[in-house]
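Enquirer: Quick one: this structure, given as structure tokens, is what I'll be asking you about.
The values are calculated or read from the model by the stated rules, or taken from the named source; none is laboratory data. Everything quoted here is computed from the prediction, not taken from an experiment. Methodologically, a virtual Cβ is constructed for each residue, glycine included, from the backbone with ideal geometry; neighbour enumeration extends over all protein chains shown.
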């Protein structure tokens, strides 16, 4: 009798599980784009502080930085308290540095955005052909993920500039600070 690992190795070897194809700019479809008021357009290497909501084809929300939703904590166990709002930093076009929860399509789709801008874009096969558990739902293999992204801040000098005049909203870790994260407004 074969164990699960042996079956998975056999499936991979036989080509049943294909690795995720790298996201490409030409694969991303911009559905809507509100330009924003910022003086600079985001370019490769810039850091953006963003809020977003990610959905799949049937409208299921699979990820959000806006908070207010219950999430899965340990496989299928749902949280008691809803998640807190907490914007994230995205490095534009960073296809090398792996950041949990940030697929390459998200990093590509924000290029050219300005502070205050809101863009909705679709990333086909966002996580490849294998199903992925997000904090809020299961994303089927091969699914197109639609992101609605709002740019709050843009920096070409480093992460400290993104949190200028922001108190109580931290980047995470064991002592995550979320006070004030929902009050961050777009600013240059």
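Enquirer: Exactly one of these conditions fails for residue 182: (1) under 18 Å from residue 64 (Cβ atoms); (2) in contact with a strand residue (DSSP E or B) (Cβ under 7 Å, 6 or more places away or on another chain); (3) assigned to a helix (DSSP H, G or I). Give me its number.
Expert: Among (1) under 18 Å from residue 64 (Cβ atoms); (2) in contact with a strand residue (DSSP E or B) (Cβ under 7 Å, 6 or more places away or on another chain); (3) assigned to a helix (DSSP H, G or I), the lone unmet condition for residue 182 is (2).
Enquirer: Could you list, in sequence order, the residues of region 62-76 that are assigned to a strand (DSSP E or B) and over 17 Å from the mean Cα position of the chain (by Cα)?
Expert: Hits for region 62-76 are 73, 74.
Enquirer: Turning to a different aspect of this structure: Tell me, please, whether a residue that is crowded, with 17+ Cβ neighbours inside 10 Å and either under 16 Å from residue 65 (Cβ atoms) or in contact with a helix residue (DSSP H, G or I) (Cβ under 7 Å, 6 or more places away or on another chain) (or both) can be found in region 170-179.
Expert: no
Enquirer: While we're here: Could you tell me whether region 109-130 includes any residue that is in a helix (DSSP H, G or I), over 18 Å from residue 188 (Cβ atoms) and within 16 Å of the chain's Cα centre (by Cα)?
Expert: yes
Enquirer: Assess whether residue 42 counts as being at pLDDT 90 or above and either in a loop (DSSP other than H, G, I, E, B) or surrounded by 13 or more Cβ atoms within 10 Å (Cβ to Cβ) (or both).
Expert: So residue 42 passes the test.
Enquirer: Right, here's the next one. Within region 148-155, is even one residue crowded, with 16+ Cβ neighbours inside 10 Å and assigned to a loop (DSSP other than H, G, I, E, B)?
Expert: No, that holds for no residue.
Enquirer: Taking residue 185, is it in contact (Cβ under 8 Å) with a residue 12 or more places away in the chain, surrounded by fewer than 19 Cβ atoms within 10 Å (Cβ to Cβ) and closer than 27 Å to residue 35 by Cα?
Expert: Judged against the criteria, residue 185 is a match.
Enquirer: Which one of these is assigned to a loop (DSSP other than H, G, I, E, B) and modelled with pLDDT under 70: 59, 15?
Expert: So the residue among 59, 15 that is assigned to a loop (DSSP other than H, G, I, E, B) and modelled with pLDDT under 70 is 15.
Enquirer: Hey, another quick one. For region 137-170, how many residues meet the condition of being under 14 Å from residue 85 (Cβ atoms) and at pLDDT below 90?
Expert: Matching residues across region 137-170 total 4.
Enquirer: If only one of 110, 132, 99, 123 is surrounded by 15 or more Cβ atoms within 10 Å (Cβ to Cβ), touching a strand residue (DSSP E or B) at 6+ places or on another chain (Cβ under 9 Å) and under 15 Å from residue 50 (Cα atoms), which one is it?
Expert: The unique qualifying residue is 110.
Enquirer: Quick check on residue 126: is it within 14 Å of residue 57 (Cα to Cα), touching a residue at least 24 places away in the same chain (Cβ under 8 Å) and in contact with a helix residue (DSSP H, G or I) (Cβ under 6 Å, 6 or more places away or on another chain)?
Expert: So residue 126 fits the description; yes.
Enquirer: Looking only at region 77-108, which residues are at pLDDT 90 or above, assigned to a loop (DSSP other than H, G, I, E, B) and over 13 Å from residue 43 (Cα atoms)?
Expert: Scanning region 77-108 gives a single hit, 87.
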